[in-house]
Amino acid sequence: MSPDGLTEIFAVDSEPVLDRPVLVIALEGWVDAGLGATSAIASLLGQGETSGVITFNREHFLDQRARRPVAHIINGVTTELTWPQTVGLGAFPAPAPHTRPVKLAATAPPASADLVERIGIVHGELEVPAGVMSALELAFADAGIPVVSLWARVPHYVAGMPFPEASAALVEGLADIAGLSLDSAALRHAADSSRRQVDQLIADNNEHRAMVRKLEENIDASEGNAMGVDEVPTGDQIAAELEKFLRGEEQ
C-alpha cells in the first residue's frame, strides 16, 4: 500500500474502531428485482450517520465479457449457531402474487448452513448463473467469517418497478438474523401505497386478475418452498407476463 492509502483495487478513507461489526452487502447490476436490495440499503443509510471507509476502483470489478460462472446449489447450500458477520441482500423475480407477504430465501456456504434454515431453504438442486455474491460467500467462508445472503421473492410481474415490500422484508430479515435494531416503518408505508397501485392495475384487466388468482393458489399450496422451485416459469414466460402487465398499465 502506498503512503496515501491507495492500492490498485481500493483506497482507504478511514479506519474506524468497530465492535462486533456486521457487513451488509448489496450489489447493483445483478439480481435486484423491484429494487429490493437497493431500497433496503438506502433505508439503512438513512437511519444514522455514515462515513466512507473504503473506495473501490470500479475498473477492477467490471466483467467486460459479460460471462458468468455457474453456482451449484443444493438445498440452499452453495457447493452451531453463529451470528453472521457478513450479510448480502438481493431480490429475484418469482411466481408469487403481490397479495401475499414477501418471503425471504437464503443461500450460504456449508459452514453457515444453519443460518439458511433460519431464513428459508431453497429446496432442490439448482445450477444458476453465479454473481459476485456467490464468490463472496465462499471467500468469506474460507476466511472463517459466518456469511449468509438474503433474497426477497418479488412477484415477477412487478420486478421492473420499485416494490418496497421486498425492501422491508430484507431490512426486517437482516435485523432478525444479525441481531440489529432497524426501522422498516417508512418502507412498510411505501409498500402499502405500492400495493394499492398494483391492485388497481390488476383490477382493470381480467387476464391479470386470473393470473394473480392462479399464483395465489400455487403459493398457498407450496408454503415451505422459499423459492417455489418446482413452479418457476421460464425466462421467456416471465418476460411475456411482464410485457402483458406493462401493456395493461398503459391502457
Practice item. Considering each of R58, R67 in turn, give the residue that is modelled with pLDDT under 85, more than 17 Å from the chain's Cα centre (by Cα) and within 13 Å of V132 (Cα to Cα). Key: R67
Review point. When region 101-122 is examined, which residues are found to be within 26 Å of P155 (Cβ to Cβ), in a loop (DSSP other than H, G, I, E, B) and not hydrophobic (A, V, I, L, M, F, W, C)?
Key: P101, K103, G120
Review point. Of these, R153, R196, R209, which one is basic (K, R), at pLDDT 85 or above and either within 25 Å of T107 (Cα to Cα) or in contact with a His (Cβ under 8 Å, 6 or more places away or on another chain) (or both)?
Key: R153
Review point. Is region 177-184 home to any residue that is assigned to a loop (DSSP other than H, G, I, E, B), over 30 Å from I74 (Cα atoms), of a type in the set (D, E) and at pLDDT 85 or above?
Key: yes
Check your understanding: What's the number of the condition V198 fails, among (1) buried (at least 20 other Cβ atoms within 10 Å of the Cβ); (2) within 18 Å of the chain's Cα centre (by Cα)?
Key -> (2)
Review point. What are the pairs, 6+ residues apart or on separate chains, where a residue within region 192-217 that is over 15 Å from M161 (Cα atoms) has its Cβ under 7 Å from a residue that is aliphatic (A, V, I, L, M)?
Key: H208/I202; R209/I202; R209/A203; V212/I202; L215/A96
Study note, to complete from the structure: Residue set E165, E125, E117, E172; condition crowded, with 22+ Cβ neighbours inside 10 Å, charged (D, E, K, R) and either at pLDDT below 95 or in contact with a Ser or Thr (Cβ under 8 Å, 6 or more places away or on another chain) (or both); output residue E165
Review point. Among the residues of region 84-100, is any assigned to a loop (DSSP other than H, G, I, E, B), surrounded by fewer than 19 Cβ atoms within 10 Å (Cβ to Cβ) and modelled with pLDDT under 85?
Key: yes
Study note, to complete from the structure: If we ask which residues in region 101-122 are over 25 Å from G34 (Cα atoms) and not acidic (D, E), their number turns out to be 5
Exercise for review: Looking only at region 100-117, count how many residues are of a type in the set (A, V, I, L, M, F, W, C) and touching a helix residue (DSSP H, G or I) at 6+ places or on another chain (Cβ under 6 Å).
Suggested key: 5
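The values are calculated or read from the model by the stated rules, or taken from the named source; none is laboratory data. In this text, all values refer to a predicted model and were calculated from it rather than measured experimentally. So basically every Cβ, Gly included, is an ideal-geometry build from the backbone, and we count neighbours across all protein chains shown.
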